[in-house]
Amino acid sequence: MAAQTVTSESRTAAVPGEALEFEDIQGLVFFGHGHLKYSRYVFLRVKDGARARAWLRTLVEREEVTTASGKQHPGLSEAKGEHALQVAFTASGLEHLGVSSEVMTTFLQEFREGMRDRRRARILGDTGGSAPEKWQFGGSDATAPHVVLVLFGRDDADLDVFHASHRERYQDALEEVFIQDADMRQGDTEPFGFRDGISFPYIKGVPTTRTPEALGLPVNAGEFILGYHNAYGQYPFSPLVPRSQDPRDLLPEVPRSQRVPGEPRPKDLGRNGTYLVIRKLRQDVKGFWKFVEENSRVPGKSAEENEANKELLAAKLMGRWKSGAPLALCPLKDDPKLGEDATGNNHFQFGDDPHGMKCPLSSHVRRANPRDTLVEDPQESTRLTARHLIIRRGRPYRDTLPQGEEEQGLMFVALNTNIGRQFEFIQQTWMNNPKFNDLYDSKDPIAGDNYDPEYPEDDPKDYTAVVPGVPMRQRISGLPRFVHMRGGDYFFLPGIKALRYLGSERAR
Ligand code: HEM
């Protein structure tokens, strides 16, 4: 791959942490590959296990999987090449690659069950029109992916050529079940019109271009990468392989403290890998803005005043203005300069706003990360919320439907080492929970599983958006669901050594 390697330019020193093996970690963990605006998710099923392993071996041998470190530049460095490629597997994908059932039991249960599992679907609010049987992919045995190949390129045509070159190599081994393009043509703006990709976890041991003020509490790398200590000071559950099943000694040892005296030491399949959550989320852009307009228009006010009211209500639902400026810092009027300021736009807490007068408790941003206001003690809150963080790598998509209409949404992508405690917890306990914080009948107004008028039997409850204000607080009932699930799954994104192992011919 032609690569112009760019080192950590203006990156500041990392907060001390464990030494991370960047060269063994897939690049997506640390980089959104933002210089490559176009991406394609190719969901594949294994036709022939032996051929699929051979394909994987070649990918690894040719060093085509983008890592977090260039060869010439040890440490974190983004190879800003012409393309990037990441590869990940579902549980059934690993089985098709020949991973033994003994090894499979060491993976997280959420991952083994998969996203379309009945219980998981309930946890995630994937019901009614968002239920697995309605998904475009991942919702049934026939459409369940085994592998996802994520390809990044500079433009559509370039991506087509890149994709075709890979297809030629995998077509005997894998068949395509679903292809989704997602791009950043509109920069960092998601389809509702808000700047996205602002708030990120501050990971110990990782140099960063952002200043500490914009990042919050530094967290252990084990929250996002297997094989390192997590927020509890423990090693996250990592998939293990009996020594006898790694005869060529391809995998790293488990950490010393994890060994059981007298027991044969297993090998670590998880080290430098992580779990990848992929969800294609359709956004009802028209419905969202119609709802906002209808509920913000004040009869008798000028068009200009009503436009301002509309922008304010939308910001109250999101927790940030469209520019990205947080309501916590500018509650009355947008501050586009602040929105662009990568330090200022994430340097805030909610502690001085306990009732949500500035940023509503129910807003998306405050639910997704309540920062210092989860419990009474701000420090304890910050410590607790740091156990429920995710790295987000989503990109918008735009499909042209057969009738010529357009569908827009987000290819939502999150990385974490504990799906249940991180991604699912945020979605279930903070976003979809009507009894969150001080609230009792309100869900996340942006991404929550609110009432879907097309499926009234599903959950006929009328959830409310609560916007505190002076002199009156606004309670908007009949909040409909604006974000609908279209397909997805849980994937394991292995480290490079683990990829080599998965591609190898080995004893079972
Ligand atoms: C289509 C659906 C969604 C849209 C349009 C959306 C949009 C946004 C926007 C505009 C932001 C603020 C910018 C930023 O901080 O990066 C944000 C923040 C965030 N979102 Fe979402 N989001 C969606 C779904 C989700 C889902 C499903 C989750 C997790 C289950 C999630 C978790 C988060 C988190 C953790 C933050 C950062 C909060 C913070 O630390 O301040 N979002 N989202």
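The values are calculated or read from the model by the stated rules, or taken from the named source; none is laboratory data. Everything numeric in this text was worked out from a predicted model, so none of it was measured. Backbone-built Cβ (ideal geometry, glycine too); neighbour counts: all protein chains shown.
Scanning the stretch 375-391 for residues that are among the aliphatic types (A, V, I, L, M) and in contact (Cβ under 8 Å) with a residue 12 or more places away in the chain gives Ala386, Leu389, Ile390, Ile391. Looking at the structure I just gave you, is Gly81 more than 19 Å from the chain's Cα centre (by Cα) and under 29 Å from Ser199 (Cβ atoms)? It is true that Gly81 is more than 19 Å from the chain's Cα centre (by Cα) and under 29 Å from Ser199 (Cβ atoms).
Hey, does the stretch 451-460 have a residue that's assigned to a strand (DSSP E or B) and more than 16 Å from the ligand (Cβ to nearest atom)? Write out each step before concluding.
Of all residues in the stretch 451-460, those assigned to a strand (DSSP E or B) come to 451.
Those still in the list that are more than 16 Å from the ligand (Cβ to nearest atom) too: 451.
Scanning the stretch 451-460 turns up at least one residue that is assigned to a strand (DSSP E or B) and more than 16 Å from the ligand (Cβ to nearest atom).
What are the residues in the stretch 479-494 that are of a type outside the set (D, E, K, R) and in contact with a helix residue (DSSP H, G or I) (Cβ under 9 Å, 6 or more places away or on another chain), if any? Can you show your working first?
Our first condition is that a residue be of a type outside the set (D, E, K, R); within the stretch 479-494, this holds for 479-480, 482-485, 487-488, 490-494.
Selection gives Leu479, Pro480, Phe482, Val483, His484, Met485, Gly487, Tyr490, Phe491, Phe492, Leu493, Pro494.
Of all residue pairs spaced 6 or more apart or on separate chains, those with beta-carbon atoms under 8 Å, a first member in the stretch 156-170 that is farther than 12 Å from Asp181 by Cβ and a second member that is of a type in the set (D, E, K, R) and at pLDDT below 95 are Asp158/Glu82. Mind listing just one residue for me: the one in the stretch 142-196 that is among the β-branched types (Val, Ile, Thr) and assigned to a strand (DSSP E or B) and, of those, nearest to the ligand (Cβ to nearest atom)? Looking at residues that are among the β-branched types (Val, Ile, Thr) and assigned to a strand (DSSP E or B), I get Thr189.
Would you check if there is a residue in the stretch 273-281 being closer than 30 Å to Lys134 by Cα, within 16 Å of the ligand (Cβ to nearest atom) and in contact with a Pro (Cβ under 8 Å, 6 or more places away or on another chain)? No, the stretch 273-281 has no match at all.
Would you point out which residue out of Glu304, Glu311 is closer than 30 Å to Glu407 by Cβ and assigned to a helix (DSSP H, G or I)?
So the residue among Glu304, Glu311 that is closer than 30 Å to Glu407 by Cβ and assigned to a helix (DSSP H, G or I) is Glu311.
Has the stretch 285-295 got at least one residue that is within 11 Å of the ligand (Cβ to nearest atom) and modelled with pLDDT of 95 or more? Yes: the stretch 285-295 contains one or more residues that are within 11 Å of the ligand (Cβ to nearest atom) and modelled with pLDDT of 95 or more. Restricted to the stretch 475-508, and to residues that are in contact with a Leu (Cβ under 8 Å, 6 or more places away or on another chain) and in a strand (DSSP E or B), which residue is nearest to Arg116 (Cα to Cα)? Among those residues, the one meeting the criterion is Tyr490. Of all residues in the stretch 417-432, exactly one satisfies the criterion of being surrounded by fewer than 18 Cβ atoms within 10 Å (Cβ to Cβ) and part of a loop (DSSP other than H, G, I, E, B), namely Gly420.
Among the residues of the stretch 115-145, the ones that are in contact with a strand residue (DSSP E or B) (Cβ under 9 Å, 6 or more places away or on another chain) and either under 30 Å from Pro247 (Cβ atoms) or acidic (Asp, Glu) (or both) come to 2 in all.
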